[in-house]
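To start, the structure itself, in structure tokens.
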Amino acid sequence: MDVFDFVIIGAGPAGEAAANKARELSATVAIADRRWFGGSCPFVGCIPSKALLHSAAEHAERGDAYSWQRASERRDYMVNRAADADQPDDSSHVKALEEAGAETIRGEARIVDRGRVEIRGEGGTRTIGARNVVVAVGSSSKVPPVPGIERVPYWTNVEGTLTRQLPASLVVLGGGPTGAELAQVFARFGVPVTIVQSGDRILPRDHPRNSEAVAAALTADGVTIRTGVRAQQARARGGTNGAHVIDLDDGSSVEGGEILLAVGRDFPLDDLGLDHYGIDPSQRGSLPNDGRLHITDGLWLIGDAAGPELHTHQGHYQGELAVRMALGEDVAPDYRALPRATYTDPEAASVGLRLDEARAAGLDAFECVADFPHTAKGYSVEATVGHVTIVVDRASRQLVGAAMACPDASAAIHECVLAIRARVPVELLAETIHAFPSTSRIFNGLFADARRQLA
């Protein structure tokens, strides 16, 4: 039996990062995946959705000069899918891993004993040894327990990002980042779109001002947003012209030619054989999802299932860090400065704590807010929505959180990411020169406001 320093189950961004870091540090690696090497992000997640958002913005600006066909073909190029193929081609990811010195194995992997992993694939079954097993299985779209939903040929992010045909209409169950981004894509290409969100706002885990800005933008694009209602029943082909019907708990209903599920993610952990390490994933609390990475001797958990949140960049960070920890480096994960971004128009981004979270954590915190449309940058781009907000801790005189909704939020937020990570004093931030009239210049004014409040 071949024995490796690391056997990685799952070849998405977290698994790839772990494999590459292990090879960089001269460790031996085998990495297995049952579907795409590269995972969801390059094929049915980050890359195609952002390409489609760009195309939708171009269509909104240029009309038929930028058609859906062009958008679909560009998306296919981005995910490496041939015109006559249904699925993307992941061979470049396999090649890159093998060139790094990792052994790639396509198949269903399962732990069969401590330090032993069995992979079942088209070529048969192979058992290999592992000094460290790294679980990086990613996640899949959660199917809500709605009666009748099993009879609806629903979409997930897979179908939503890979479709070559525009739906006649679309109902999106869930108003998180995936739901909001794809709603904007299809609405801008003229598809009637309705978002059904059980809570009182879309982007419920984001800053309320981010939610407000994105909701206003989606509404302006023609998206109908139904908040505070839950799906009670699904009726396949029960609507007008064969549309699917979702009955809601307030007695109303919505119809869509397609139903997109975006209510959360499930983690395929139950059948991995974690019981060999004394873990039963079906028991709440048995497997921590606080991002600690090291579960028990010889077992590591990285990526979506590891927590504390779900981001490609978090998975990449965890993959590299878990390997370094396993090889004896004195390092530990630090999520204080974990950036979040939703790539709608406008973009919404945040890092660290909201004001309510900071105060709940015992900090004597306050926030400073700029209304983006009434900033120099906002005036220059004719903005109608958006904000820039910072949260400051009085005791440490440091930034502990920030949020913003504006066209380049996903880039501008990283000044605050670095400030929180490096514990930069507000005084130094306020004295730092920012280009005018950039979005970052707005931070300059907020840092100065914070310094005055700390005086």
Practice prompt. Looking only at segment 417-426, decide whether some residue is surrounded by fewer than 18 Cβ atoms within 10 Å (Cβ to Cβ), modelled with pLDDT under 95 and either of a type in the set (Phe, Trp, Tyr) or out of contact with any helix residue (DSSP H, G or I) (no Cβ under 7 Å at 6 or more places or on another chain) (or both).
Written response: no
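Could you check segment 364-416 and list, in sequence order, the residues that are among the β-branched types (Val, Ile, Thr), open to solvent by less than 50 Å² (accessible area, probe 1.4 Å) and touching a His at 6+ places or on another chain (Cβ under 9 Å)?
From segment 364-416, those among the β-branched types (Val, Ile, Thr) are 369, 375, 381, 384-385, 388-392, 400, 413; that's our starting set.
Okay, now just the ones that are also open to solvent by less than 50 Å² (accessible area, probe 1.4 Å), so 375, 385, 388-392, 400, 413.
Selection gives 389 alone.
How many residues does segment 240-260 contain that are part of a loop (DSSP other than H, G, I, E, B) and either within 15 Å of residue 168 (Cβ to Cβ) or aromatic (Phe, Trp, Tyr) (or both)? Full working, then the answer.
Of segment 240-260, the ones part of a loop (DSSP other than H, G, I, E, B) are 243, 249-252, 257.
With either within 15 Å of residue 168 (Cβ to Cβ) or aromatic (Phe, Trp, Tyr) (or both) added as a condition, the list becomes 243, 257.
Of the residues in that region, 2 qualify.
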Practice prompt. Give, as residue ranges, the helices (runs of 4 or more DSSP H) completely inside segment 152-239 that count at least 1 residues that are closer than 22 Å to residue 351 by Cα.
Written response: 177-188, 208-220
Worksheet entry | residue 260 being at pLDDT below 95, crowded, with 20+ Cβ neighbours inside 10 Å, more than 20 Å from residue 13 (Cβ to Cβ) and among the aliphatic types (A, V, I, L, M) | no
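What about residue 197, is it open to solvent by less than 10 Å² (accessible area, probe 1.4 Å), at pLDDT 95 or above and within 30 Å of residue 339 (Cβ to Cβ)? Even if it seems obvious, please write down each step before you answer.
Numbers: open to solvent by less than 10 Å² (accessible area, probe 1.4 Å): no; at pLDDT 95 or above: yes; within 30 Å of residue 339 (Cβ to Cβ): yes.
Judged against the criteria, residue 197 is not a match.
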Worksheet item: List the pairs whose first member sits in segment 238-255 and is in contact (Cβ under 8 Å) with a residue 12 or more places away in the chain, whose second member is exposed (fewer than 12 other Cβ atoms within 10 Å of the Cβ) and among the hydroxyl-bearing types (Ser, Thr, Tyr), and whose Cβ atoms are under 8 Å apart, counting only residues at least 6 apart or on separate chains?
Response: 255/240
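Out of 295, 259, I need the residue that is within 30 Å of residue 110 (Cα to Cα), of a type in the set (A, V, I, L, M) and in contact with a Phe, Trp or Tyr (Cβ under 8 Å, 6 or more places away or on another chain). Which one? Please lay out each step first, then the result.
Working: 259 fails: within 30 Å of residue 110 (Cα to Cα).
Only one candidate passes the filter, namely 295.
Of all residues in segment 112-122, which are modelled with pLDDT of 95 or more and either over 26 Å from residue 17 (Cα atoms) or in a strand (DSSP E or B) (or both)?
Taking segment 112-122 and keeping what is modelled with pLDDT of 95 or more, we get 112-120.
Hits for segment 112-122 are 112, 113, 116, 117, 118, 119, 120.
Collect the residues in segment 123-137 that are more than 31 Å from the chain's Cα centre (by Cα) and either surrounded by fewer than 19 Cβ atoms within 10 Å (Cβ to Cβ) or in a loop (DSSP other than H, G, I, E, B) (or both), keeping them in residue-number order. Steps first, please.
First, pick out the residues of segment 123-137 that are more than 31 Å from the chain's Cα centre (by Cα): 123-129.
Matches in segment 123-137: 123, 124, 125, 126, 127, 129.
Which of the residues spanning segment 404-418 are touching a residue at least 40 places away in the same chain (Cβ under 8 Å) and not charged (D, E, K, R)? Outline the logic, then answer.
Narrowing segment 404-418 to residues touching a residue at least 40 places away in the same chain (Cβ under 8 Å): 404-410, 412-414, 416-418.
Result: 404, 405, 406, 407, 409, 410, 412, 413, 414, 416, 417, 418.
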Practice prompt. Identify the residue in segment 286-295 that is at pLDDT below 95 and open to solvent by less than 70 Å² (accessible area, probe 1.4 Å) and, among all such residues, is farthest from residue 5 (Cα to Cα).
Written response: 286
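Kindly evaluate residue 322 against the criterion of being over 23 Å from residue 183 (Cβ atoms) and open to solvent by less than 10 Å² (accessible area, probe 1.4 Å).
Details: over 23 Å from residue 183 (Cβ atoms): yes; open to solvent by less than 10 Å² (accessible area, probe 1.4 Å): yes.
Spelling it out, residue 322 is indeed over 23 Å from residue 183 (Cβ atoms) and open to solvent by less than 10 Å² (accessible area, probe 1.4 Å).
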Fill in: Cross-chain or 6+ apart pairs with Cβ under 6 Å, segment 194-214 first and over 25 Å from residue 390 (Cβ atoms), then of a type in the set (Val, Ile, Thr) and surrounded by 19 or more Cβ atoms within 10 Å (Cβ to Cβ)
194/171; 194/254; 195/172; 195/225
Response to the item:
Filtering segment 269-285 down to residues that are exposed (fewer than 15 other Cβ atoms within 10 Å of the Cβ) and not acidic (Asp, Glu) yields 278, 282, 283, 284, 285
Worksheet item: Does residue 145 meet the test of being part of a loop (DSSP other than H, G, I, E, B) and either among the β-branched types (Val, Ile, Thr) or farther than 24 Å from residue 53 by Cα (or both)?
Response: yes
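The values are calculated or read from the model by the stated rules, or taken from the named source; none is laboratory data. Quick caveat, the model's predicted, so the values are computed rather than measured. Ideal geometry is used to build each Cβ from the backbone, glycine not excepted, and the neighbour counts take in all protein chains shown. For the accessible areas, the whole protein counts, side chains as well, though only heavy atoms, and no ligand, DNA or RNA atoms are used. Shrake-Rupley method; radii C 1.70, N 1.55, O 1.52, S 1.80 Å.
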